[in-house]
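Below is one structure, written out as structure tokens; comments come after it.
The values are calculated or read from the model by the stated rules, or taken from the named source; none is laboratory data. Just so it is clear, the structure is predicted and the values come from calculations on it, not from any experiment. Ideal geometry is used to build each Cβ from the backbone, glycine not excepted, and the neighbour counts take in all protein chains shown. Calculation scope for accessible area: heavy atoms of the full protein, side chains included, ligands and nucleic acids excluded. Shrake-Rupley method; radii C 1.70, N 1.55, O 1.52, S 1.80 Å.
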Amino acid sequence: VSASNPAFKRDMIYLGHALGLKDEFSAIENLQIAAALAGQPLSLSSAQAALHAQGLARRMHVPLRVLSQGQKRRSALARLSLSTEAPLWVLDEPFNALDAAAVAQVETLISAHVERGGIVIDLCDQCRGVWLDRGELEKFMAQARAEELAIERQYSDRRPHFDRDDDD
């Protein structure tokens, strides 16, 4: 699986411990930038709805530098409600800096994603639960391995072949 592969960008959402947000931009601008980088179309109304669902309706247009850590994290987590088609979510410390209501909101998003057949890998020190469906994980890993083998076959044809002459 290659990061330059368009399917890779479409099929996986990664939210790291470092949020990947720019403090000088607003929550809505950061969400629009993230969608553009992922090649995902995003309407203004969808972006607003995602931020509203994270409790940021009144704060979505202010620079992130004035938001609390929890509000910044919720701004990053808003991508999840826009990424329902991506089968794999990799979340690094998704519950850091969140209050109980925000944790419940994220758990609801994760549960709904798994119920739709998605896979969530929750990388954390104190995980709240396992969020993957084993059958879907096996299917995803088999697909990833098949893509990797296809790429290896594609490039193996380009490798130089040297004939070994044992008589010399």
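Key figures for this structure:
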{"item": "Loop-located GluC sites (Glu not before Pro) in the range 1-104, at most 11 other Cβ atoms within 10 Å (DSSP)", "result": "GLU24, GLU85"}
{"item": "Stretch gain in nm, segment GLU85-HIS61, where the contour uses 0.36 nm per residue and the Cα spacing is subtracted", "result": "6.0 nm"}
{"item": "Set of the range 51-73 residues, backbone N closer than 16 Å to the point 7 Å along the Cα-Cβ line of ILE33", "result": "60-67, 72-73"}
{"item": "Cut-off under 5 Å, modelled amide H: who pairs with SER26 long-range", "result": "LEU64"}
{"item": "Carbon and sulfur %, accessible surface of the range 19-134 computed with the full protein complex present, 1.4 Å", "result": "51"}
{"item": "In Hz, Karplus ³J(HN,Hα) per residue of the range 105-116 (6.51, -1.76, 1.60; θ = phi - 60°; x = Gly, Pro)", "result": "4, 5, 4, 5, 4, 5, 4, 5, 5, 5, 4, 7"}
{"item": "Trypsin sites (Lys or Arg not before Pro) within the range 39-119, DSSP loop, no more than 10 other Cβ atoms inside 10 Å", "result": "ARG58"}
